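Asks: The structure that follows is given in the form of structure tokens.
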Amino acid sequence: MNFPISPASTVTLHLSLSLEDGTVAESTFADEPLTFTMGDGTLAEGLELGLYGLKAGATQRLVLEPGQAFGLHDPGKLHQLARTEFSGDLELEPGVIIGFDMPSGEELPGTIVSLSDETVLVDFNHPLAGRVVVFEVEIITVVPAQE
């Protein structure tokens, strides 16, 4: 049977995330497809919403506003950190993304915005926050949630 995507379905798909100008941020089309369970946090909630009801074989192209995909850019997620907090062997330059270990044990990515002799400005927003995103998918399989 060809089941529609619903909450907790296991989905295998190819996806592409790009900016309006065509710059590809991420794509699986030339690689292995992605398999995940709806609601497990693999995809942003706004991206998942565009998948509900699709079945194997379906394709979808959505243009998502910032509030629908990765959220608006939050200035409160910009943090000035002392340069001494960074390992001396790290290449610090604007645009570099570094993983920061959180007390919970999770890793939070931060993008270096600017640096001075004493400080480093790090942006903890998602790199696509505040951007219009073009989300394209091709659904390969859908396994319904187990009762």
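Each reported figure results from applying straightforward, stated rules to the coordinates on display, with no laboratory input. The structure presented is a predicted model; accordingly, all values stated were derived computationally and were not measured. So basically every Cβ, Gly included, is an ideal-geometry build from the backbone, and we count neighbours across all protein chains shown.
Asks: So, with +1 on the Cβ of K and R and -1 on the Cβ of D and E, and no other charges, what is the size of the charge dipole of the chain about its Cα centre, to the nearest 20 debye?
Replies: Details: 5 positive and 23 negative charges, 119 e Å.
That gives the chain a dipole magnitude of about 580 debye.
Asks: Return the sequence-ordered ³J(HN,Hα) values of region 33-39 in whole Hz as given by the Karplus equation 6.51 cos²θ - 1.76 cosθ + 1.60 applied to θ = phi - 60°, using x for Gly and Pro.
Replies: Those phi angles translate into x, 9, 10, 7, 9, 3, x Hz.
Asks: In region 111-144, what GluC sites (Glu not before Pro) fall in a loop by DSSP, with at most 15 other Cβ atoms inside 10 Å?
Replies: On the way: sites: GLU118, GLU136, GLU138; in loops: GLU118.
Filter output for region 111-144: GLU118.
Asks: Quick one: what Rg and Dmax do you get for region 33-118 from the alpha carbons, in Å?
Replies: Cα only, region 33-118: 17.9, 54 Å (Rg, Dmax).
Asks: Please express the Cα-Cα pair-distance distribution P(r) of region 75-123 as a list of whole percents, one per 5 Å bin, running from 0 to the bin with the greatest distance.
Replies: 5, 21, 31, 28, 12, 3, 0
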